[in-house]
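Here's the structure, in structure tokens; my notes come after.
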Amino acid sequence: MNTRFLLRMARWAQNPPSASRVKFVLGIVVLCLGLFAYEQIFGWPEALIPDRDVHRGYKP
């Protein structure tokens with residue numbers, strides 16, 4: 001493990017985040033998992049797929 005990571009874990013153990021911060025982060029994680037599940041079940045909408053004809057001459 002990196003020393004910086006160990007120091008950050010020690011700081012978190014001494015000063016844990018507030019309950020509202022933990023709820024906020026968990027809410028974001030749940031939202032992301034919900035969006036991922038929706039995409040897996042229903043697929044990606046056709047309207048959001050970029051047209052390949054527009055970038056025909058572009059080569060990265």
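The values are calculated or read from the model by the stated rules, or taken from the named source; none is laboratory data. Keep in mind the model is a prediction, meaning the values are calculated, not measured. When we count neighbours, we look across all protein chains shown, and the Cβ atoms used for this are built from the backbone with ideal geometry, even at glycine. Side chains included, ligands, DNA and RNA excluded: accessible areas come from the protein's heavy atoms. Shrake-Rupley method; radii C 1.70, N 1.55, O 1.52, S 1.80 Å.
In segment 10-22, how many are surrounded by fewer than 10 Cβ atoms within 10 Å (Cβ to Cβ) and either under 22 Å from the mean Cα position of the chain (by Cα) or of a type in the set (F, W, Y) (or both)?
Going through segment 10-22 one residue at a time, the tally reaches 3.
Which of (1) at pLDDT 90 or above; (2) in a helix (DSSP H, G or I) is the odd one out, the single condition P16 does not satisfy?
Condition not satisfied by P16: (2).
Considering only segment 41-53, I want to know if a residue exists there that is at pLDDT 90 or above, assigned to a helix (DSSP H, G or I) and open to solvent by less than 80 Å² (accessible area, probe 1.4 Å).
no
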